[in-house]
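Reviewing the structure listed below.
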Amino acid sequence: MNTLIRTAAAAAAATLLAGCQVLNAPPKVDVAEPTTAMPVAQPAPAVNNGAIFQASQYRPLFEDHRARLVGDTLTVQIVEKVSASQKSTSSIDKSGDVSAGVTALPLINPNSFGRASAAGTSSNTFSGKGSTENTNNFSGTITATVTGVLPNGHLLIAGEKQIGVNHNVDVLRFSGQVDPRAIQPGNTVPSAQIANVRIEHRGRGAQAEAQGIGWLARFFLNVLPI
């Protein structure tokens, strides 16, 4: 009986913890997986193949080393600056004035038209303003691994860096598509010349937990109508 109670309590606690994680789950960044790849084993050349040039293992002799094959590494200089602003103003002003009256009719005394008049006014005024501003700066360096080579020669790269200090862990993940012509001397490439960039920088540990809202407070924020 005690074992059954303990099992039920453990299941309830696990369900509660899972619910807490869902309530406080961080937004997901679609970083390409996997973030690393091992070099592909090159097959041995066929018998009686005396050629020096092998297309699968080609590396130019008269240039510095650059990433070309799966498993090669490439240093990415992350310099992302995004700034956007938008302002809008609109106003509407409309007014109208109507008046009417009767002063005389045949066979009717003019004094009878003292109150035979009508007047009306209307006005409509609207004004609205709106502004939006967003600024994002991100800089850093990460060495990524070539995880694939496309038919046009472009490189699919992905990398991950983790730094742990005491009870905190900083995680930096990166993925993108590189044109080999954008690779600079020293086997480096700026992130502004990489397509389909995905960057994720998050922290794990006590510091990240202190910045999150408690599960009970988040629950009430989700269910309260105001």
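The values are calculated or read from the model by the stated rules, or taken from the named source; none is laboratory data. Predicted, not measured: the structure shown is a model, and the values here were computed from it. In this analysis, Cβ positions are derived from the backbone assuming ideal geometry, glycine residues included, and neighbour counts consider all displayed protein chains. Side chains included, ligands, DNA and RNA excluded: accessible areas come from the protein's heavy atoms. Shrake-Rupley method; radii C 1.70, N 1.55, O 1.52, S 1.80 Å.
Using 1/(1 + (r/R0)^6) with R0 = 35 angstrom and r between the beta carbons of Asn152 and Ser127, what's the FRET efficiency to the nearest 0.05? Calculated transfer efficiency: 0.05. The local environment of Ala158, defined by Cβ-Cβ distances under 10 Å, has a net charge of 0 under the rule Lys, Arg +1 and Asp, Glu -1.
With all protein chains in place and ligands, DNA and RNA left out, the 1.4 Å accessible area ranks Phe126, Phe174 as Phe126, Phe174, largest first.
Mind giving me the FRET efficiency for Ile92 and Asn134? R0 is 22 Å, r the Cβ-Cβ distance, nearest 0.05 is fine. According to the calculation, E is roughly 0.15.
Label-to-label distance, Thr36 versus Val70, with points set 7 angstrom from Cα along the beta-carbon direction: 1.7 nm.
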